[in-house]
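Encoded as structure tokens, the structure appears first; notes follow it.
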Amino acid sequence: MDLNLRKAVLANVTGHSEDELEHTIVDAIQSGEEKMLPGLGVLFEVIWETAPENEKEQMLSYLAQGLKQ
């Protein structure tokens, strides 16, 4: 079976409002299920590809700070 995870995740959330996207992200994180991680990765990829350079630097700073805890 040929499954394109990126396409499936994007098809599942395309057209969602900001509130719906937030619910999807929060639900995935709170569930703690490993199977949700690839979907979050796809969403992060979209964020990263569309963010301006200064916001990428800020995201990296947040990530580095979070990993120090």
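Quick note: the coordinates plus some simple rules give every number you see, no bench work behind them. Quick caveat: nothing in here was measured; it's all calculated off a predicted structure. Reconstructed Cβ throughout: ideal geometry from the backbone, glycine too, with neighbour counts over all protein chains shown.
Figures for the structure shown
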| quantity | calculated |
| --- | --- |
| Extension gain from Glu22 to Val46, taking 0.36 nm per residue of separation minus the Cα-Cα distance | 7.2 nm |
| Assigned charges on the beta-carbon of Lys, Arg, Asp, Glu; the chain dipole about Cα centre (debye) | 260 |
| Range of Cα positions in the chain per principal axis (Å), largest first | 38, 28, 27 |
| Computed helical MRE - 222 nm, the chain, DSSP H runs ≥ 4 contributing -39500 (n - 2.57), nearest 500 | -24500 deg cm²/dmol |
